[in-house]
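Please read the structure below before turning to the comments.
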Amino acid sequence: MAKSRTQKERQEEITKLTNKMNEAIINYKKNPEDQIELLDYMTKFRNYSFHNQALIQSQYEGAQGVGSFKSFKEKGFYVRRGQKSIKVLAPVFGNYYLDNDLKSYKAVKYANKEAKEKIKTGEFKVEKLLDGYRLVNVFDVTQTNAKPEDYPTLYPNKPENYFFEGTNDDLKDIYNALESYADYKNIKIITAEFNSAAKGMYIPSSNEILLSERLSKKEKLATLTHELAHSEMHNNEKSKLKKTVFNSAPVREYQAQMSSYVVTNYLGLDTKENTERYINSWIKNSEIKLDDITNEDYISMLEEVKQVSLNMSDDISSRFISLKNERTAKNLQFLQNDDY
């Protein structure tokens, strides 16, 4: 029988993994290729926090989709013998009550008789608060006996199952989905002639997006996604709540381009080369250097990118699927009514 680990040993392992994650984050700040890889992980592991995405990437390069031993077994697959687990951090919550007299939270399990009575009567409100984290073992799908053709069954929400395959109709549907999203957010899109090389611009004061009339279909799609990311992260209300460093133009552009990459990647449009070139240029030429931004602030920047990208991807992809299904139904009806 295996000896169970002590709390100290578990905490030491958590600390070791956290340090490894932080080292990876520092490397992301220096290498554009590593940053692109991190953005790819944001697309793949949408339900994991940025910290866990970084942990997965630092332990198992090229991961496709992770799950517990039990979850794979329930789906009819098994983890191959000898495979090393990937460690992620799961939050642990405890019951706490608000002591109205001391204006502080205390653990319910340590409440005295008087406090228990006040909890029972509702005078002291009980809430679930974060106690800490515990290590959880997961495995990547490539560590199981599943074959590539099984992946869509295991991960049905992966975009390659139903997204962009390169037709003009699909491009049009994606763009229309972006316009629908903008309309829902009360953002006006204006196509105009620019007296500069700029492709697009978001104007917070009027909540408008300007797009250059010179853009190709793909450029227009990628640029609109970039400007919509600005509208989510850098509107007037959001900007008021941000630290000064997050409101600088270089940081805003960096975040918007990263978000645009994640969303367009999810929709099936490859903008990797452009994004890598953009980030590389940003690192070399920006008056604000990533090395000057604390790891804590850098993580906050990426957390916002992750959350905005996730929300935008879900909403826009849903609109895209609806538009595509509607177009398919119309085409089918046309064929059925065809006399030939």
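The values are calculated or read from the model by the stated rules, or taken from the named source; none is laboratory data. Here the structure is a predicted model, which is why all the values come from computation and not from measurement. Neighbour counts run over all protein chains shown; Cβ positions are idealised from the backbone, glycine included. Quick note on the areas: whole protein, heavy atoms, side chains included, nothing else; ligands and nucleic acids left out. Shrake-Rupley method; radii C 1.70, N 1.55, O 1.52, S 1.80 Å.
One table, with the values for the structure above:
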read-out	value
Amide H contacts of Q64 (H built 1.01 Å from N, under 5 Å, at least 5 apart or other chain)	V141, T142
Between the stretch 202-222 and the stretch 116-147, the alpha-carbon center distance in angstrom	43 Å
Extension gain from K272 to I203, taking 0.36 nm per residue of separation minus the Cα-Cα distance	22.2 nm
Heavy-atom accessible area per residue - the stretch 180-263, 1.4 Å, Å²	48 Å²
Gain in span if fully extended, T191 to S68, counting 0.36 nm per residue against the direct Cα distance	39.4 nm
Protection-proxy order for peptides 312-325, 237-250, each taking the mean of Cβ atoms within 10 Å per residue, highest first	312-325, 237-250
Positive-end residue of L135, N112, G122, charge dipole of the stretch 76-145 with Cβ unit charges	L135
Estimated inter-spin distance, E114 and R80, nm [label 7 Å along Cα→Cβ]	6.4 nm
In Hz, Karplus ³J(HN,Hα) per residue of the stretch 134-147 (6.51, -1.76, 1.60; θ = phi - 60°; x = Gly, Pro)	10, 7, 10, 8, 10, 9, 7, 4, 6, 8, 10, 7, 5, 9
Amide H partners (placed H, <5 Å) of T191, local residues excluded	L211
Set of the stretch 125-142 residues, backbone N closer than 13 Å to the point 7 Å along the Cα-Cβ line of V92	130-136
Additional length obtainable on full extension of the chain from K330 to K125, 0.36 nm per residue less Cα span	68.2 nm
Carbon/sulfur fraction of accessible area - the stretch 196-279, other protein chains in place, 1.4 Å, %	52 percent
